[in-house]
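Data block below; observations after.
The values are calculated or read from the model by the stated rules, or taken from the named source; none is laboratory data. Bear in mind the structure is a predicted one, so any value in this text is a computation, not a measurement. Note that each Cβ is placed from the backbone with ideal geometry, even for glycine, and that neighbours are counted across all protein chains shown. Keep in mind that these areas ignore ligands, DNA and RNA; they rest on the heavy atoms of the full protein, side chains included. Shrake-Rupley method; radii C 1.70, N 1.55, O 1.52, S 1.80 Å.
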Amino acid sequence: MLWLPACASTNSEAQTMILQNRASEGCTVITDFQTAGRGQRGNQWQGAPAENLMLSVVWQPTFLAATEQFRLSQAVALGVHDWATALLGPDPLLKLKWPNDLYYGNQKLGGILIENSLSGPRIQYSIVGIGLNINQQELALPTATSFARLTGRAYDRATLAARLLECLERRYLQLRAGQVGTLRRDYLQALYRYQETHPFIIDGKTVDGQIVGVEDDGRLAVAIGNELRRFGLQEIRHA
């Protein structure tokens, strides 16, 4: 484990270690502050220094085909959800927002960015980047919250990091053992707004729809009226 006081992004640091042949499977980079953290949809990850948890784990899931990348995303998201559940206790407000953000109610607790490198038809290695709001009280967006705000207590980030890595490894081993059905079931059970009617923004328009599932390739299956449609990451968002 490498813990840095600051870096551009832990995913970039992990990438450098891979290129220099310094990253074995499970190698983890953690930082107190990211100057150029990345998120889904090209967003930046921003956080106060030494208050949150920002890390990247290197895995080598060569047992997965390139077409099975979303299985890894599910396993990682569930590992984060398991960790948060152990921290907060079972709570129906603790959900995974597709594809892999951690939410409490309608507020974001953390996000995941997985960057895969392919070798032919298979995944050669994956950099699993995770950012979690831990002790930060003042957040830039009203749609974000932190564990400290939810519980009124401060946390030791090193202890939380160790527990998180254990939860991630447990789900990763499930994936490697081929327990795809279990991961899929658990993911749907934890999915934000699953089987509920809510507004979505599609092609700049707001429409009501209901999430009915997630395809093997990661596309979101949404029932809109009498039609079942499937969407990629850039094609739909919650209103």
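For a quick check: with amide H placed at 1.01 Å from N, whose amide H comes under 5 Å from Ala239's, ignoring anything fewer than 5 positions away on the same chain?
Placed amide hydrogens put Phe200, Ile201 under 5 Å from Ala239.
About the Cα centre of segment 1-132, what is the dipole size in debye to 20, counting +1 per Lys and Arg Cβ and -1 per Asp and Glu Cβ, all else neutral?
300
For volume of the Cα convex hull per residue in Å³, several values are listed as (i) 113; (ii) 125; (iii) 175; flag the one computed from this structure.
(ii)
Averaging sequence separations of C-alpha pairs under 8 Å and six or more residues apart, then dividing by the length of segment 90-175, give the relative contact order as a whole percent.
Reported relative contact order: 18 percent.
By how many nm would the segment from Asp208 to Ala221 grow when fully extended, if each residue of separation counts as 0.36 nm and the alpha-carbon distance is taken off?
3.3 nm
For Ala48 and Ala154, compute 0.36 nm times the residue count separating them, minus their Cα-Cα distance, and round to one decimal in nm.
36.7 nm
Along the positive direction of the dipole of the chain (beta-carbon charges: Lys, Arg +1; Asp, Glu -1; about the Cα centre), which of Leu53, Leu96, Ser126 reaches farthest?
Positive-most Cα among the choices belongs to Leu96.
If I model a spin label at His238 and Leu173 as a point 7 Å from the Cα along the Cα→Cβ vector, what separation in nanometres do I get?
Taking the two extended label points, one gets 3.2 nm.
Less than 13 Å Cβ to Cβ from Asp203, Lys/Arg counted +1 and Asp/Glu -1: what total charge do the surrounding residues give?
Surrounding charge for Asp203 is +2.
What dipole magnitude, in Debye to the nearest 20, does the chain give about its Cα centre under +1 on Lys/Arg Cβ and -1 on Asp/Glu Cβ?
The calculated dipole for the chain is roughly 120 debye.
Decide, for segment 59-167, between rounded, prolate and oblate: order the square roots of the alpha carbon gyration tensor eigenvalues as a ≥ b ≥ c, take rounded if a/c falls under 1.5, and otherwise choose prolate if a/b is larger than b/c, else oblate.
Taking the square roots of the gyration eigenvalues as a ≥ b ≥ c, segment 59-167 is prolate.
Return one whole number: the accessible area per residue of the chain in Å², for a 1.4 Å probe.
Dividing the accessible area of the chain by its residue count gives 47 Å².
How much length would be gained if the chain were fully extended between Ala162 and Trp3, taking 0.36 nm per residue of separation minus their Cα-Cα distance, in nm to one decimal?
Here the answer is 56.0 nm.
Of all the accessible heavy-atom surface of segment 123-170, with the other protein chains kept in place and a 1.4 Å probe, what percent is carbon and sulfur?
After summing per-atom areas, the C and S share lands at 47 percent.
Can you give the net charge of the other residues whose Cβ lies under 13 Å from the Cβ of Asn135, counting K and R as +1 and D and E as -1?
Neighbour charge sum, excluding Asn135 itself: -1.
Need one number: % antiparallel among DSSP beta bridges in the chain, to the nearest 5.
Taking every DSSP beta bridge within the chain, about 85 percent pair in antiparallel fashion.
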